[in-house]
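Before any comments, here is the structure.
Values in this text are rule-based calculations from the coordinates and carry no lab data. Source: prediction; values computed, not measured. Reconstructed Cβ throughout: ideal geometry from the backbone, glycine too, with neighbour counts over all protein chains shown.
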Amino acid sequence: MALVLKTHGPDHSDVATSWSNLGIAWKYKGQYDKAIVYYEKALASHLKSFGLEHPKVATCWSNLGGVWANKDDYDKAIDYYQKALASDIKTFGPEYPTVAIRWNNMGGAWAHKGVHNKAMSYYEMALPVFEKASLDHMVRFVKGNIASLKKQSGEQ
């Protein structure tokens with residue numbers, strides 16, 4: 001990291017990617033506060049380099065949403081997921097798999113908050129996008145989320 005930082009400077013995309021990768025590593029180690037620090041550095045760099053509507057910025061927002069969800073702060077997670085979702089819809093349109101991933105993430109956050117109707121609506125938006133893209137593993141994943149939510153709601 002030090003070499004990349006020295007070579008490119010703090011605002012280079014490669015440095016931001018390294019910060020994001022460090023955030024991922026800390027997240028997987030369960031060190032969520034450290035992950036947030038690195039994700040925020042990556043976000044600041046990407047914002048400066050690319051502006052608000054770049055896919056790398058949306059990915060940073062999604063990563064931050066994920067780590068806040070890991071910390072059980074679903075309101076913050078939803079805020080970040082919503083930013084990522086809005087950006088990706090504007091960039092790619094609503095039928096793009098990355099948008100469906102954002103919808104699935106939103107569904108998960110709302111499910112954890114116990115707001116099942118909102119969770120279900122996000123899952124139901126994600127599912128046909130994955131089906132159309134023939135992403136069978138994601139179709140199975142979202143169908144599992146829907147089944148779990150129905151079970152929690154007593155719908156079976």
Problem - The one condition in (1) without any contact (Cβ under 8 Å) to a residue 40 or more places away in the chain; (2) at negative phi that GLY93 fails to fulfil - result: (2)
Handout entry: Close pairs (6 angstrom Cβ cut-off, 6 or more residues apart or separate chains): surrounded by 16 or more Cβ atoms within 10 Å (Cβ to Cβ) in the stretch 38-52, outside any helix (DSSP H, G or I) and of a type outside the set (S, T, N, Q) anywhere
Key = SER45/ASP11
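Can you name the residue in the stretch 46-71 that is of a type in the set (Phe, Trp, Tyr) and closer than 16 Å to ALA35 by Cα and, of all such residues, is farthest from the chain's Cα centre (by Cα)?
Taking the stretch 46-71 first, the residues of a type in the set (Phe, Trp, Tyr) are 50, 61, 68.
Retained after the next criterion (residues that are closer than 16 Å to ALA35 by Cα): 61, 68.
Working: TRP61: 6, TRP68: 10 Å.
Among them, the one singled out is TRP68.
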